[in-house]
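One structure coming up, written as structure tokens, with questions to follow.
The values are calculated or read from the model by the stated rules, or taken from the named source; none is laboratory data. Source: prediction; values computed, not measured. With ideal geometry, Cβ positions are generated from the backbone for all residues, glycine too; neighbour counts draw on all protein chains shown. We work out accessible area using only protein heavy atoms, side chains counted, and drop any ligands, DNA or RNA first. Shrake-Rupley method; radii C 1.70, N 1.55, O 1.52, S 1.80 Å.
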Amino acid sequence: YLHSTGFRRDHLLYGMHRIRPSCRQAYLVEGFMDVQRLDAYGYPNVLGMMGAYLSIDQINMLRAFASVMVVPDGDKPGYEAAAKAAKELSAKGTVARVSQMPFGKDPDDLTIAQALDILGPPPETVIDVDGASAN
């Protein structure tokens, strides 16, 4: 993705304008499409780093949440970035966990069944016996 000249990704988290304050958990992913896919599956507060590292400003924004699940891209740089992000968030007092993304899969590659298996059901969502979700 190319950004406009002067765009400072380190001052923003993609998707921050759509947060649901009633849900105190956030999901942190790398890219735009990852945010869109998990949001479409009903996961609240999915935020994108717009790259593979967190800036100080982004860490401070994430401190508004009680917990953050870091959902990496399924490759070595993704796993490394996720571990570093979780460590940096934990050092600032935020409960941070890293999901176990299968190698070769990014969050935007997941089917809803795979997302449910890896991430569990979205908070504030009830899954009925047929597998359909209702908010």
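Testing G15 on (1) more than 18 Å from K84 (Cα to Cα); (2) open to solvent by 20 Å² or more (accessible area, probe 1.4 Å), one condition comes back false. Which one is that?
So the condition that G15 fails would be (2).
Only residues that are within 17 Å of A81 (Cβ to Cβ) and polar (S, T, N, Q): list them for the range 18-61, please.
Passing the criteria: S55, Q58.
Considering (1) modelled with pLDDT under 95; (2) buried (at least 18 other Cβ atoms within 10 Å of the Cβ); (3) closer than 18 Å to M101 by Cβ, say which one V70 fails and leave the rest.
With respect to (1) modelled with pLDDT under 95; (2) buried (at least 18 other Cβ atoms within 10 Å of the Cβ); (3) closer than 18 Å to M101 by Cβ, V70 is out only on (1).
Looking at the range 22-55, which of the residues that are under 17 Å from G74 (Cα atoms), aromatic (F, W, Y) and touching a strand residue (DSSP E or B) at 6+ places or on another chain (Cβ under 9 Å) is most open to solvent (accessible area, probe 1.4 Å)?
F32
Also: Test of understanding: among A66, A40, which residue is over 10 Å from the mean Cα position of the chain (by Cα) and free of Cβ contacts under 8 Å to residues at least 12 places away in the same chain?
Criteria check complete, one pass: A40.
Something else about it: Of everything in the range 73-105, what is in contact with a strand residue (DSSP E or B) (Cβ under 9 Å, 6 or more places away or on another chain), charged (D, E, K, R) and surrounded by fewer than 17 Cβ atoms within 10 Å (Cβ to Cβ)? Give them in sequence order.
K87, R97
Can you find a residue in the range 13-25 that is in contact (Cβ under 8 Å) with a residue 60 or more places away in the chain and in contact with a helix residue (DSSP H, G or I) (Cβ under 9 Å, 6 or more places away or on another chain)?
Among the residues of the range 13-25, not one is in contact (Cβ under 8 Å) with a residue 60 or more places away in the chain and in contact with a helix residue (DSSP H, G or I) (Cβ under 9 Å, 6 or more places away or on another chain), which makes the answer no.
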